[in-house]
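Some notes on the structure that comes next.
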Amino acid sequence: MSPRTQAERDAVTVEIGYALVSGVLVAAATFAGVLLPALLLELPARAEHMLFRVGAVLGALVFAVRVMHVLWRFPRRAEEQRLPPVQPGPPGRTGPDS
């Protein structure tokens, strides 16, 4: 396998950033969604504490799954997009049927 070009390294960097940012946003939304009943309703302290922990665990899990999903798919897409090097034909020929 040939070394990566600067454009490919930049694409990997952008993809890692996208994975982390989208993972944080999805984790925050999950945490907020689980904790929302505790904010809107008057629940016992134990129930609020339980919702906080469940939200934190689910948020961390969703973050990890999102980051893995984005990064797992990226290398295969990059390999598929990479074109093989063009081999020049013999001089004087314009195509394979000539």
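List of remarks:
- Values of log10 I(q)/I(0), in the order q = 0.17, 0.33 Å⁻¹, for region 1-43 under a Debye, Cα-only, solvent-free model: -0.61, -1.00
- Of the accessible area of region 27-76, computed with a 1.4 Å probe over protein heavy atoms only, carbon and sulfur atoms account for 76 percent.
- Full-stretch length increase - Ala56, Ile16 - with 0.36 nm per residue and alpha-carbon distance subtracted: 12.1 nm
- Residues of region 1-41: accessible area per residue with a 1.4 Å probe, Å²: 68 Å²
The values are calculated or read from the model by the stated rules, or taken from the named source; none is laboratory data. Being a predicted model, the structure only gives us computed values, none of them experimental. We work out accessible area using only protein heavy atoms, side chains counted, and drop any ligands, DNA or RNA first. Shrake-Rupley method; radii C 1.70, N 1.55, O 1.52, S 1.80 Å.
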